[in-house]
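Report on the structure given below.
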Amino acid sequence: MSVTEDKAALIVRKPAAAGVETPFMRFRSDFTDSWVATAALAVLCLIILIAVFAPLIAPQNPYDLGQVDIMESRQPPGSRSFQGYIFLLGSDGAGRDLFSAILYGLRISLSVGAMSGVIALAIGSTVGLAAAYLGGRTEAFIMRVVDIQLSFPAILIALMLLAVFGKGVDKIMIALVTVQWAYYARTVRSSALVERSKEYVEAANCLGLSHKRILFRHILPNCLAPLIVVGTVQTAHAIALEATLSFLGVGLPQTEPSLGLLISNGFEYMLSGRYWISFFPGIALLVTIVSINLVGDQLRDVLNPRLQR
Amino acid sequence: MTAFAIRRLMQSAIVVLVMSVIVFFGVNIVGDPVDMLINPEADQEDIEIAIRALGLDKPIGEQYLFFLKNAFSGNLGKSFIFGEPALQLILQRMPATMELALAALFMAIVLGIPLGLYAGLRPHSPFSRITMATSILGFSLPTFWVGLMMIMVFAVMLGWLPSTGRGDEATFLGVTSSLFTMNGLSHMVMPALNLALLKISLVIRLTRAGTREAVLQDYIKFARAKGLRQSRIIFVHLLKNILIPVITVLGLEFGGLIAFSVVTETIFAWPGMGKLLIDSIQQLDRPVIVAYLIIIVLIFVVLNLIVDIMYSVLDPRVRLGDRKA
Amino acid sequence: MSAPKPTLAVEDLCTYFFTKSGVVKAVDKVSFEIGAGEVLGLVGESGSGKTVTGFSIVGLIDQPGRIVSGSIRYKGEELIGASEERLRHIRGNRIAMIFQDPTMTLNPVLRIDTQLVEAITAHSDTDARTAWEQSRDALGQVGIPSPEERLKCYPHELSGGMRQRVAIAIAFLNKPNLIIADEPTTALDVTIQAQIIYEAQTLCRKTGTALLWITHDLAVVAGLADRICVMYAGRIVEEGGADNVIDRPLHPYTAGLIGSVPSHNRRGKRLAQIPGSTPSLLNLPEGCAFRTRCKFNDDTCLEEPEVTHPAKDRSLRCFHPVSRGPAP
């Protein structure tokens, strides 16, 4: 979709309602073809809203020590707290309301996942574009680095970085970005290579447009579809990876309790049958990842030009 | 064939060399190698001795050569915690990890290929749909959480399987492994399944995709026109074609299994090199971390090499390409 | 019934494909017979249903296709509705097939000997050694030099022509009564084509095997077939003795086909052609399917033409047969 097309779409918005199908409308109707994907999108939106408004929804601020009582630790779901509200999902080892802790945990998990995804996307697509546009040795070198990196599992690379750097939000962001950028670079390069050989780029070259303008205004917008698909899948991966690393105790510190950390904290109580401390944060994580993956799957089907119906 | 193997071997050596440079400079530039490799609790005199032993007083280029020499002779420093050579520690734990990874690989093959084959041959049957839905779940479920749930259900609630540790070992044909005792197997089932989960889903998808593509090929139709039995068409004509990519991917994924065993070993308290790594990270036992990194890079490179050579053995077309080249 | 039963009798065969966009009548009310040792040429453009006809006979129609009605009798035995095991026994044993593209029909990861031997052992209890010897002899018979070495090869090590010879050898392995050859020479060089046709013809004569030769190339069939069926849009529009049909085509479509063969034209003269293109089987014109491309088209053609027999041993689906000689 080029810029001019966007403008055209704006201009014809009124008549479009009367029958002409705008690209967005077609995208929407294609997407809602699958009720599973539609439901997943709804759930995902709900999760994001919950995470954003967690302080308003949660009955307790689980990290305000004034509101947490260690005497109330490990209460089963449904029991009543001293302050009168009900521990919907029980309480954890420190006496925090688990429901509130999950809401706050979602906030951290989602923001770490999304932010690392955005940074990795920015870096990866710039590098990928550069590789495709410059070609030659630069391209060969960049792609060799990408290949070597992708031949090692993400968790291994992340573990190594964290082993060197130590714990912390910034550290785990660096690790997640390092793990992800190569996927974006590869995606952008391959679709940019396809675009570069098309005639409109040649035309833009003939018009004497600057490299920067051709790259970012002409080629990049045409790589958007695969980027969106890879982006969704990678965000789900990043969230799962962060949870795994935090669970292993090498990710986020205890002061930033993401879902992975909550699950990890509940692990020690599991063997004594207090399942809920690990179980419910895990369900929250699972629902988040599954809904992102389902949305991603449908996006891939809808945006894939080869499957155009 | 030999020329191909030699060429591939050279490539692998280059990758190892490049990785060694990265590891070396990672250790040297990101942190102070003195902090990295020498126990900070040692007294000044010991530190001086260690600095000289590791060649840290020399210029950086020489240091790298020294590091290479040390690495080749298996001297990667001593563990702060255990006081033993780091490499030796890791090699001691390696059999347990290998055993777990092999068991997981085995599960991925014996569960994944038949399920994928069925789903590919009968894509519209309810069972195939359930299989595919489950495999999507297998991709999305965080492995560590599934491990916890397995412990909760099978160890805590049902009490069927032991939750942690490695069982009794026995020696069979000169190999010592916990695979040869019932107790060992019962300890193995859950961690191996947990580790295999992702790969089972992967194998199902690969096999299914390969099957669906292959059944449309002329050679399958021709085999049917020859009046061959269904079983021969499926297990010889079809399977032999789709196994090539599946085996290739599985070979490459075996390294992933070893890497991911870090998580599984932590959950099930499995005494392998993955658990050692996590313990070392938490206790800042850096020589062990460096040694693990070098070993795992070597494993990956060797695996890639084996897979490439195996691929050329399996697929006659690749062999020919090599002969002509 | 005292007359000998034909090797194959197809009657009113209908094979439809039930696709998302509608029902495709790939084969519609097709009837023909092949006697023992006879060569029948089934001619038509791509998409006219000739390949589907071939696969229908051996029961290899895949979803979403299905044989809807009709009858296929092999030596009097009805094959439609026969058990899968019975069909399997007939396939490759009594009725064999040769496919169009030899580079695709042999399994790339199995050696030639495996692919020949299994075709024998699937139908008899021959031991491996004998089966191997039979395979070697079969390769020799189709003119493959040093068959013992070739047996050890993988398909990709042989040329396209060689591979098609291997496929022919496989087809003849069990001395079938009928071979269905689906454009077996289309993917090959012209010189190889002639050799392959020669091999197939000689083998058929020698063994008394009937042959259903499916092709789009009238020139190939002219020298090979005893009888010709011309197919258009899923139907047989004309049938008769090979020389008879080629010298005196009755259906305007057949006449057009013959007219467009270059050798029938004088140098410098414009090559005759059939106007328009093959209609989509999803969307056939009502009545005669050739109507929209036919110069004799009139209102009567809006009705579906039934099969008529304008001469002895000739059948036709047309209201306006071409009266004499090849089309101008």
Kindly evaluate C:Val261 against the criterion of being aliphatic (A, V, I, L, M) and surrounded by 17 or more Cβ atoms within 10 Å (Cβ to Cβ). no
Qualifying residues in segment A:113-155 (those that are closer than 13 Å to A:Trp181 by Cα and polar (S, T, N, Q)) - the one nearest to the other protein chains (Cβ to nearest Cβ): A:Gln149
So the strands (runs of 3 or more DSSP E) completely within segment C:26-115 holding 2 or more residues that are surrounded by fewer than 17 Cβ atoms within 10 Å (Cβ to Cβ) and more than 13 Å from chain B (Cβ to nearest Cβ) are C:65-74
Quick one: count up the residues across segment A:264-280 that are within 17 Å of B:Thr266 (Cβ to Cβ) and surrounded by 23 or more Cβ atoms within 10 Å (Cβ to Cβ). 3
Members of segment B:89-124 that are at pLDDT 85 or above and not hydrophobic (A, V, I, L, M, F, W, C): B:Gln92, B:Arg93, B:Pro95, B:Thr97, B:Glu99, B:Gly112, B:Pro114, B:Gly116, B:Tyr118, B:Gly120, B:Arg122
How about segment C:123-157: which of its residues are in a helix (DSSP H, G or I), touching a residue at least 40 places away in the same chain (Cβ under 8 Å) and closer than 25 Å to C:Gln201 by Cα? C:Gln141, C:Leu151, C:Pro155
Among the residues listed as B:Arg229, B:Arg224, B:Arg205, B:Arg212, the single one being buried (at least 18 other Cβ atoms within 10 Å of the Cβ) and out of contact with any strand residue (DSSP E or B) (no Cβ under 8 Å at 6 or more places or on another chain): B:Arg205
If you go through A:Thr288, A:Thr255, the only one that is among the polar types (S, T, N, Q), farther than 21 Å from A:Met160 by Cα and crowded, with 23+ Cβ neighbours inside 10 Å is A:Thr288
Please work out if A:Ile102 is within 14 Å of chain B (Cβ to nearest Cβ), crowded, with 20+ Cβ neighbours inside 10 Å and of a type in the set (Val, Ile, Thr). yes
Sort through B:Leu198, B:Leu185, B:Leu238 and tell me the only one that's at pLDDT 90 or above and touching a helix residue (DSSP H, G or I) at 6+ places or on another chain (Cβ under 8 Å). B:Leu238
Over segment A:124-148, the set of residues closer than 23 Å to B:Ile299 by Cα and modelled with pLDDT of 80 or more is A:Met143, A:Arg144, A:Val145, A:Val146, A:Asp147
Output for segment C:53-81, where each listed residue is of a type in the set (A, V, I, L, M, F, W, C) and in contact with a Phe, Trp or Tyr (Cβ under 9 Å, 6 or more places away or on another chain): C:Ile57, C:Ile61, C:Ile67, C:Val68
Cβ contacts < 8 Å: first residue within 16 Å of A:Leu259 (Cβ to Cβ) and among the β-branched types (Val, Ile, Thr), restricted to segment A:39-59; second residue surrounded by fewer than 18 Cβ atoms within 10 Å (Cβ to Cβ) and at pLDDT below 85, any location; separation 6+ or different chain. Result? A:Ile50/A:Ile57
Only one of B:Gly256, B:Gly251 is more than 11 Å from chain A (Cβ to nearest Cβ), within 16 Å of the chain's Cα centre (by Cα) and part of a helix (DSSP H, G or I), namely B:Gly251
If we take segment C:158-227, then helices (runs of 4 or more DSSP H) inside it with 3 or more residues that are of a type in the set (Val, Ile, Thr) and closer than 29 Å to C:Arg248 by Cα are C:190-207
Inside segment B:133-157, the number of residues satisfying the requirement of being closer than 18 Å to A:Leu248 by Cα and at the interface with chain A (Cβ under 9 Å from one of its Cβ atoms) is 9
Does any residue in segment C:7-20 that is among the hydrophobic types (A, V, I, L, M, F, W, C) come within less than 6 Å, Cβ to Cβ, of a residue that is part of a loop (DSSP other than H, G, I, E, B) six or more places away or on a different chain, and which pairs are these? C:Phe17/C:Pro64; C:Phe18/C:Pro64
Enumerate the helices (runs of 4 or more DSSP H) found wholly within segment B:1-81, keeping only those where 2 or more residues are modelled with pLDDT of 75 or more. B:2-25, B:44-53, B:60-72
Do we have B:Ser280 as farther than 18 Å from B:Leu202 by Cα and within 12 Å of chain A (Cβ to nearest Cβ) here? yes
Go through (1) under 26 Å from A:Ala185 (Cβ atoms); (2) buried (at least 21 other Cβ atoms within 10 Å of the Cβ); (3) free of Cβ contacts under 8 Å to residues at least 60 places away in the same chain one by one and return the number of the condition A:Arg213 breaks. (2)
Residues that are facing chain B (nearest Cβ under 7 Å) and outside any helix (DSSP H, G or I), drawn from segment A:253-289: A:Leu271, A:Gly273, A:Tyr275
Could you tell me whether segment C:284-292 includes any residue that is outside any loop (DSSP other than H, G, I, E, B) and at pLDDT 80 or above? yes
Sole exception among (1) in contact with a Leu (Cβ under 8 Å, 6 or more places away or on another chain); (2) within 14 Å of chain B (Cβ to nearest Cβ) for A:Thr235, by number: (1)
Scanning segment A:152-166 residue by residue, those modelled with pLDDT under 80, surrounded by fewer than 20 Cβ atoms within 10 Å (Cβ to Cβ) and either under 18 Å from the mean Cα position of the chain (by Cα) or of a type outside the set (Phe, Trp, Tyr) (or both) turn out to be A:Val164, A:Gly166
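The values are calculated or read from the model by the stated rules, or taken from the named source; none is laboratory data. Note that the structure is predicted; figures quoted are calculated from it, not measured. Cβ coordinates were reconstructed from backbone atoms using ideal geometry, including for glycine residues, and neighbour counts include every protein chain displayed.
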